[in-house]
1. Find the residue count for the stretch A:256-277, including only residues that are out of contact with any Pro (no Cβ under 7 Å at 6 or more places or on another chain), surrounded by fewer than 20 Cβ atoms within 10 Å (Cβ to Cβ) and not in a loop (DSSP other than H, G, I, E, B).
2. Taking the stretch B:24-33 as the search range and keeping residues that are surrounded by fewer than 19 Cβ atoms within 10 Å (Cβ to Cβ), more than 8 Å from DNA strand C (Cβ to nearest atom) and not small (Gly, Ala, Ser), which one is nearest to the other protein chains (Cβ to nearest Cβ)?
3. Given A:ALA42, A:ALA58, which one is surrounded by fewer than 20 Cβ atoms within 10 Å (Cβ to Cβ), within 30 Å of the chain's Cα centre (by Cα) and of a type in the set (A, V, I, L, M)?
4. Let me confirm something: among B:ALA21, B:ALA36, B:ALA42, which residue is within 14 Å of chain A (Cβ to nearest Cβ), assigned to a helix (DSSP H, G or I) and near DNA strand C (Cβ under 8 Å from one of its atoms)?
5. Those residues that are at positive phi and within 11 Å of another protein chain (Cβ to nearest Cβ), I need them from the stretch B:198-228; list them, please.
6. Can you find a residue in the stretch B:146-163 that is on the phi > 0 side of the Ramachandran plot and either assigned by TED's automatic domain parsing to the domain that holds B:LYS291 or in contact with a strand residue (DSSP E or B) (Cβ under 6 Å, 6 or more places away or on another chain) (or both)?
7. Quick one: which residue in A:ARG88, A:ARG113 is away from every other protein chain (no Cβ under 14 Å), within 17 Å of A:LEU198 (Cα to Cα) and basic (Lys, Arg)?
8. Run down B:ALA40, B:ALA60, B:ALA20 and say which single residue is closer than 28 Å to B:PRO211 by Cβ, modelled with pLDDT under 95 and either away from DNA strand D (no atom under 15 Å from the Cβ) or aliphatic (A, V, I, L, M) (or both).
There are 2 protein chains.
Amino acid sequence: MLTKSSTELVRQQNSTLVLAALRRARNLSHTEISAATGLASATVSAITAELERAGVIAKAEQHVQGGRGRPRVLFTPRRDCGYVIVVRISSDVVQYSLTDYGGTLLDRFEEGRNHDQRGTAAFAQTFVDALERLLQRSRLTRDRVLAVSISSKGLVDADTGAARLLWSPVFGSEQLDFAALLAPDWRGEVMLNNETLLVAQALAAQAERAPEGGFRSLAAISLGHSIGLGVARKGRFGEMDVTAPNFGHMLHAPSAGLCRCGAYGCIEAAAGFYGILRAAFEVPPDTIPAKFVPIAEMDKIAASARQGHRMAGYAFRQAGLALGNGISRMLSLYERMPIYVTGPGTRYFDLLRGGLEEGVSQSLQLRLQGAPEISVVLDEQRLVFDGHLERALGVIDGDIAAAGQA
Amino acid sequence: MLTKSSTELVRQQNSTLVLAALRRARNLSHTEISAATGLASATVSAITAELERAGVIAKAEQHVQGGRGRPRVLFTPRRDCGYVIVVRISSDVVQYSLTDYGGTLLDRFEEGRNHDQRGTAAFAQTFVDALERLLQRSRLTRDRVLAVSISSKGLVDADTGAARLLWSPVFGSEQLDFAALLAPDWRGEVMLNNETLLVAQALAAQAERAPEGGFRSLAAISLGHSIGLGVARKGRFGEMDVTAPNFGHMLHAPSAGLCRCGAYGCIEAAAGFYGILRAAFEVPPDTIPAKFVPIAEMDKIAASARQGHRMAGYAFRQAGLALGNGISRMLSLYERMPIYVTGPGTRYFDLLRGGLEEGVSQSLQLRLQGAPEISVVLDEQRLVFDGHLERALGVIDGDIAAAGQA
DNA sequence: GGATTATTTCTCGACAGTCGAGAAAATCAG
DNA sequence: CTGATTTTCTCGACTGTCGAGAAATAATCC
């Protein structure tokens, strides 16, 4: 059931439009905003006046201009309008970052996670403490933080407003509800997203900004100890729809062996680092997976595979096959889209490629539409961070536009 | 990029809201419309007046009322406001139906399809002729037809506005563009949808009307000569998002053998009628699939399976396994949702169930959230027809609301 | 049977928003 | 200094929603 509309919602939508345009371009003049949004000049006046009154945007001091007529006055988001905390939880380290409303990094520190899993309760405490520390270092108060954006590998509650970690390689199925954790003291938005979802978000934002345009959809796959997938698609109303399906634990083939999650035959059980290790050393496939595989260990297997060692090569090939089959299945259910591969596993992409291409090539869809473009993108952590900001600042802009009414 | 909003769009949206409410309930009074849509009474007055002026709705003559005060006057969609043609293309027969704007069936006939495939060109001609015949029988002109809604099994161009059949069991990869076919003479909407998509649409509409409410998503699976899947999900803005992923030709396992589509290992190659037949008779799995399997033949295999014949039972079990694995993978990529099984293959559901449940039970997602409810729904053809109307009339209502502005 | 009451529909004025046109502002060229 | 040029700002017209209250109308009460 659609919901009723009103003139107030119109203003809200057009306000977010102006904020989005301003965010993309850093600063724009009155006429540029009008051109970018398609709104009439008078409407832009009304909206910018309101946003300026609310302290969200400001006119730039210097109207540097070489033009002929009246100098343009540039609007720009006010950095001090609020702040965003970004938390990246990975298996060995947790990174805390603070940025302003403009998205520039103000402070960052990391905290190691000791591997003797003390459970979620202890982590929750260090987490809250770290947030406080981040504020103190920059002399900020909690109410200046408009959003806390958290990422982890694993499965996240997809409901909007929820921030529950349902399953993760770090905490297993011990659930962790960040929204509840920060609920009483923090008034900002609390959001939790899968790491690879954020990669897809960042790549999609890049693609949409690109001049050639025409973006429809893409998928990001992260290779490492576990396997992540993010899918970004443009929805019916032009909005970006990003999801993180449970790709790593999608069924590949029962022969793939026991997975960390307890099931048999997951993609991860063949294509995750521990799966590759197991196959290379011919460990029985129902062996309980290694808790952690050092990258040096993987490098050694890769080196011997490149020197022609049979089982090592086979292990990577099987991993590629699992990924390829998974991608083929994923594309059957969605549509043809370019695939971007990230994560520490990309350094073995030369070894995976053969199996991957073979695995992908088995479907009607691909025969009709051709194989998808598969490319490697580096600097996954950077992309995750960009995805965090893209998402968090977008949500904040929405909140601001909505608050203008109240 | 979102698009700008305006007061006219507000009216458009609210008009569709009123039309949708009116369609669901057949007839509603002024106050009932107000309650159903959440719009203020004055707004309802304005919108109903406009729609009445446009000849889309009318006040019911008789204000039967036992109430106390001023009698309620009921609004109702005007049946003669326009007409819809529904075409169901199945492998052996094409059914043409005519309904009015209220969705009541006015006329229907079927035309057999001779199996000596004369190609799409010949079919296109008989198709256009049949539409003309449908009009003549009811003495209507083409411009009174607001939509032609066509369904077939197979893969359909998902772009809005397009009506191209990309691949189908009937015509193979010979494409057929219905929009182009009817473009010059017919001014109504031409839409083409996968058959099982329409089943999902109809079931979702039912579920949403149900009093308990809280509908999120569902999947419909059609079992028969080929395998169809439709997924209906409620989108971010409350709209119903229905898709028909290429489930039948998703990769199951290479061992499943040669599929009709030319690839190896599709779900259909194991779970379609010809796949079951092939397994039951131990025909080599790379045999070119039978063009058509009579249902009597399938019944015989089922009977012997029920009597304990080993290979027949195995064939159904393998089919169930292929379906179950496919569902498990599908749910990994989307979310947990109830599954509705339709189609002629449901009569063998007792034989499929074991393999199906085993096949479904292999994933992390299901361990976390429990197995999906799987139920059988009969009368697939009726559901397809309902889905046609649900969709076509919805689109027409949208067009009417949009036209009110112009 | 007439007054009352309950209920629904309709109408009016207030308010919010967008838009186009043109006035006002501000700079540069000559 | 004057005019050209470009940008910003403002005003009135238009569209739309909303709340309140008037108008309509049938059942009920006495």
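1. Selection size over the stretch A:256-277: 1.
2. Ranking the candidates gives B:ARG24 first.
3. A:ALA58
4. Working: B:ALA21 fails: near DNA strand C (Cβ under 8 Å from one of its atoms); B:ALA36 fails: near DNA strand C (Cβ under 8 Å from one of its atoms).
Selected residue: B:ALA42, the only one of B:ALA21, B:ALA36, B:ALA42 that is within 14 Å of chain A (Cβ to nearest Cβ), assigned to a helix (DSSP H, G or I) and near DNA strand C (Cβ under 8 Å from one of its atoms).
5. The answer is B:GLY213, and nothing else.
6. Applying the first criterion (on the phi > 0 side of the Ramachandran plot) to the stretch B:146-163 yields B:154, B:161.
Next, from what is left, pick out any that are either assigned by TED's automatic domain parsing to the domain that holds B:LYS291 or in contact with a strand residue (DSSP E or B) (Cβ under 6 Å, 6 or more places away or on another chain) (or both): B:154.
For the stretch B:146-163, residues on the phi > 0 side of the Ramachandran plot and either assigned by TED's automatic domain parsing to the domain that holds B:LYS291 or in contact with a strand residue (DSSP E or B) (Cβ under 6 Å, 6 or more places away or on another chain) (or both): present.
7. That would be A:ARG88, the only listed residue that is away from every other protein chain (no Cβ under 14 Å), within 17 Å of A:LEU198 (Cα to Cα) and basic (Lys, Arg).
8. Numbers: B:ALA40 fails: modelled with pLDDT under 95; B:ALA20 fails: modelled with pLDDT under 95.
The conditions single out B:ALA60.
The values are calculated or read from the model by the stated rules, or taken from the named source; none is laboratory data. Keep in mind that this is a model prediction, so the values were computed, not measured. Glycine gets a Cβ as well: all are built from the backbone with ideal geometry, and neighbour counts include every protein chain shown.
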